[in-house]
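A short reminder: the numbers here are calculations on the coordinates, not readings from a lab. Keep in mind that what you see is a predicted model, and the values were worked out from it rather than measured. For neighbour counting, all protein chains shown are included, and Cβ atoms are generated from backbone atoms with ideal geometry for every residue, glycine included.
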Amino acid sequence: MVLKVFQTEKCIFGNGPSVQGHVCCEHHAMYVETCDGRLKINSLQIAGKKRMDVKDFLNGFHDDGMWSVM
């Protein structure tokens, strides 16, 4: 699945050691782990679909645990 990211915000917090590029979903939010903390994704677009908020995306998404950033 290809996603285009539109809006993000930097979050300093994290839950201990992290793997850079790992994507995690917590409390109706999506984060990408970085060396400086986390990057919160606020809106995105699936290829061929309309732009949407992450909360709407996560409501219809079934996580298979196989996420990474390329």
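What the table shows:
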{"read-out": "5 Å-binned pair-distance histogram of region 1-61 (Cα, whole percent)", "value": "4, 18, 30, 23, 15, 7, 2, 0"}
{"read-out": "Full-stretch length increase - residue 56, residue 11 - with 0.36 nm per residue and alpha-carbon distance subtracted", "value": "14.1 nm"}
{"read-out": "Sequence ranges 26-32, 49-55, ranked by mean other-Cβ count within 10 angstrom, highest first", "value": "26-32, 49-55"}
